[in-house]
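Heads up: the structure comes next, in structure tokens.
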Amino acid sequence: MFAAERRHAILELVRTNGTIALRDIAAQVGTSEVTVRRDLRLLEEQGLLDRRRGGAAVLGALSHEPTYSQKSHTASLEKRAIADLAASLVSDGDAVVLGAGTTTEELARRLLGRRDLTVVTNSMLVGATLARAAHVEVVMTGGALRGSTFALVGSAAEQSLAGLRVSKAFLSGNGLTAERGLSTPNMAAASMDRAIAAAAQEVVVLADHTKLGTDTMFQTVPADEISVLVTDDRADPDLRDELRAEGVDVRVAPVLDEG
């Protein structure tokens, strides 16, 4: 692949994913990470993308939110591995909250066999997944539906959580850094996630490697209020250590390639 073709391919990857890790770019364009770093530097100088630690993002990534379809096709193997590990944190008889997101939806699929489990959620997709579980009680929040994420948000959704107390809240998001914690580009989603976090004794963040080191516009949960992070083994070790230094219990899910 010629350099110009490679850089065009990199731009397309960034535009499709919103944010993408350096190692994923290198794997998909078939070159070294050193070459990708050089290409990213040039593309940033040309004003075509924003470089991020360990990867790249579309211009204006602080306020950019990928569609649900884009999210569902990003790091799918990693999300499944994260969901497998996160499911071990849920026991029969628990009461938990699952926020909206493709990774929390994966987690919901792994809870179908639990007994005497209560799941509160603002995600239409999580609710639909668990609706067929014989021994799981599903409690949906009220609120206005965000069609782009199939999530219920707004004051009615937040008020439905008032007075609620559960053992764990499982949240995803669009970015996670040691400096600002979990974040999302949408104000309504951020406000709802803050309400979910406030209802739980422990906040568990499910974030694949593409989200670590990424910062977006609205903070939802500061790093020092995150009890557990479940990520995948492709996450930058330095970023994992930074979060551990903030008191986060970082658990790493091994990713097995399909084939």
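The values are calculated or read from the model by the stated rules, or taken from the named source; none is laboratory data. Source: prediction; values computed, not measured. In this analysis, Cβ positions are derived from the backbone assuming ideal geometry, glycine residues included, and neighbour counts consider all displayed protein chains.
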Task: Residue match in the range 206-220 (condition: out of contact with any Phe, Trp or Tyr (no Cβ under 8 Å at 6 or more places or on another chain) and more than 20 Å from residue 18 (Cβ to Cβ)) - done: no
TODO: Look at the range 13-47 and say how many of its residues are closer than 21 Å to residue 185 by Cβ and either among the aromatic types (Phe, Trp, Tyr) or more than 21 Å from the chain's Cα centre (by Cα) (or both).
DONE: 2
Open item on the list: surrounded by 24 or more Cβ atoms within 10 Å (Cβ to Cβ), in a loop (DSSP other than H, G, I, E, B) and modelled with pLDDT under 95: which single residue out of 208, 215 fits that description?
Closed with: 208
Task: Options 127, 175, 147; residue that is touching a strand residue (DSSP E or B) at 6+ places or on another chain (Cβ under 6 Å) and over 27 Å from residue 250 (Cβ atoms) - done: 127
- [ ] Please specify each residue of the range 11-49 satisfying the condition of being buried (at least 16 other Cβ atoms within 10 Å of the Cβ), within 21 Å of residue 216 (Cα to Cα) and among the β-branched types (Val, Ile, Thr).
- [x] 14, 19, 20, 25
TODO: Kindly indicate whether any position in the range 204-227 is more than 18 Å from residue 96 (Cα to Cα) and in contact with a His (Cβ under 7 Å, 6 or more places away or on another chain).
DONE: no
TODO: Quick one: residue 173 ticks every box in (1) of a type in the set (Gly, Ala, Ser); (2) within 12 Å of residue 99 (Cα to Cα); (3) over 15 Å from the mean Cα position of the chain (by Cα); (4) not in a helix (DSSP H, G or I) except a single one, so which number is it?
DONE: (3)
Open item on the list: Please pick out the residue among 200, 189, 223 that is closer than 17 Å to residue 104 by Cβ, more than 12 Å from the chain's Cα centre (by Cα), modelled with pLDDT of 95 or more and among the small types (Gly, Ala, Ser).
Closed with: 200
Task: Test result for residue 244, more than 22 Å from residue 122 (Cα to Cα) and more than 17 Å from the chain's Cα centre (by Cα) - done: yes
Open item on the list: residue 173 - would you say it is modelled with pLDDT under 95, assigned by TED's automatic domain parsing to the domain that holds residue 74 and touching a Ser or Thr at 6+ places or on another chain (Cβ under 6 Å)?
Closed with: yes
Open item on the list: Restricting to the range 218-259, and then to whatever is of a type in the set (Gly, Ala, Ser) and surrounded by 20 or more Cβ atoms within 10 Å (Cβ to Cβ), can you tell me which residue is nearest to residue 83 (Cα to Cα)?
Closed with: 253
Task: Single residue of the range 126-166 satisfying the filter (touching a residue at least 60 places away in the same chain (Cβ under 8 Å) and under 20 Å from the mean Cα position of the chain (by Cα)) that is surrounded by the most Cβ atoms within 10 Å (Cβ to Cβ) - done: 149
TODO: Could you tell me which residue of the range 176-195 is farthest from residue 121 (Cα to Cα), considering only residues that are among the small types (Gly, Ala, Ser), touching a Ser or Thr at 6+ places or on another chain (Cβ under 8 Å) and not in a helix (DSSP H, G or I)?
DONE: 181
Open item on the list: On the basis of being in a strand (DSSP E or B) and not assigned by TED's automatic domain parsing to the domain that holds residue 236, does residue 51 make the cut?
Closed with: yes
- [ ] Kindly indicate whether residue 43 is out of contact with any Gly (no Cβ under 6 Å at 6 or more places or on another chain) and at pLDDT 95 or above.
- [x] no
